[in-house]
Amino acid sequence: MAEHPNVAVVRNAYDAFAKGDLEGALADLADDCVFHFGGDGPNSGDHKGREAISAALVKNFELTEGTQALDIKGIYADDDHGAVVIHETASRPDGASIALDEVHVLRLRDGKILDLWDLPDDIQAHDDFFDGK
């Protein structure tokens, strides 16, 4: 069976992110895209639009000094949704680190990403790490 075209849309975004290409990572976002980060960390909440999403991702990059990595275990998509199963690792200059499994759930339309929900398997550990604890 052929791969759904939205798998390539999602893969291209994550590949660009892995290379530090933020512009490429966000190339297929809808203008009114929203990234939803759960929990109570400093980046938690809804980030609406390219500028707010960029700022949130840059904040994570700065906190981790570029060590954040998303190891993709699988990408699944259909006409309306995508799911990315990942293993996230990152460290901070103070020696703290995380290694968590996550799922990113995306809503798509016409090859554009409308929403992304970040769902780590341990939201408290994720919050503590990104909160500097």
*Given the conditions (1) farther than 18 Å from residue 28 by Cβ; (2) more than 15 Å from the chain's Cα centre (by Cα); (3) surrounded by fewer than 16 Cβ atoms within 10 Å (Cβ to Cβ), and given that residue 101 satisfies all but one, which numbered condition is not satisfied?*
(2)
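Among the residues of the stretch 23-47, write down those that are of a type outside the set (Phe, Trp, Tyr) and either at pLDDT below 95 or exposed (fewer than 14 other Cβ atoms within 10 Å of the Cβ) (or both).
23, 31, 32, 38, 39, 40, 41, 42, 43, 44, 45, 46
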*Pairs, first in contact (Cβ under 8 Å) with a residue 24 or more places away in the chain in the stretch 101-120, second buried (at least 16 other Cβ atoms within 10 Å of the Cβ) and among the polar types (S, T, N, Q), C-beta under 6 Å, six or more apart*: 108/6
*Any chance residue 99 is closer than 17 Å to residue 5 by Cα, among the small types (Gly, Ala, Ser) and part of a strand (DSSP E or B)*: no
_Filter the stretch 17-57 down to the residues that are over 26 Å from residue 125 (Cα atoms) and in contact with a Leu (Cβ under 9 Å, 6 or more places away or on another chain) and list them by number._
26, 28, 29, 30, 32, 33, 49, 50
*asked:* Cβ-Cβ distance below 9 Å, separation of 6 or more or different chains: which pairs start in the stretch 61-79 with a residue that is free of Cβ contacts under 8 Å to residues at least 24 places away in the same chain and assigned to a strand (DSSP E or B) and end on one that is of a type in the set (Asp, Glu) and open to solvent by less than 50 Å² (accessible area, probe 1.4 Å)?
replied: 71/88
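The values are calculated or read from the model by the stated rules, or taken from the named source; none is laboratory data. Remember, predicted model here, so these are calculated numbers, not experimental data. FYI the Cβ positions are ideal-geometry reconstructions off the backbone, even for glycines, and counts take in every protein chain you see. Just the protein is used for accessible areas: all its heavy atoms, side chains included, with ligands, DNA and RNA removed. Shrake-Rupley method; radii C 1.70, N 1.55, O 1.52, S 1.80 Å.
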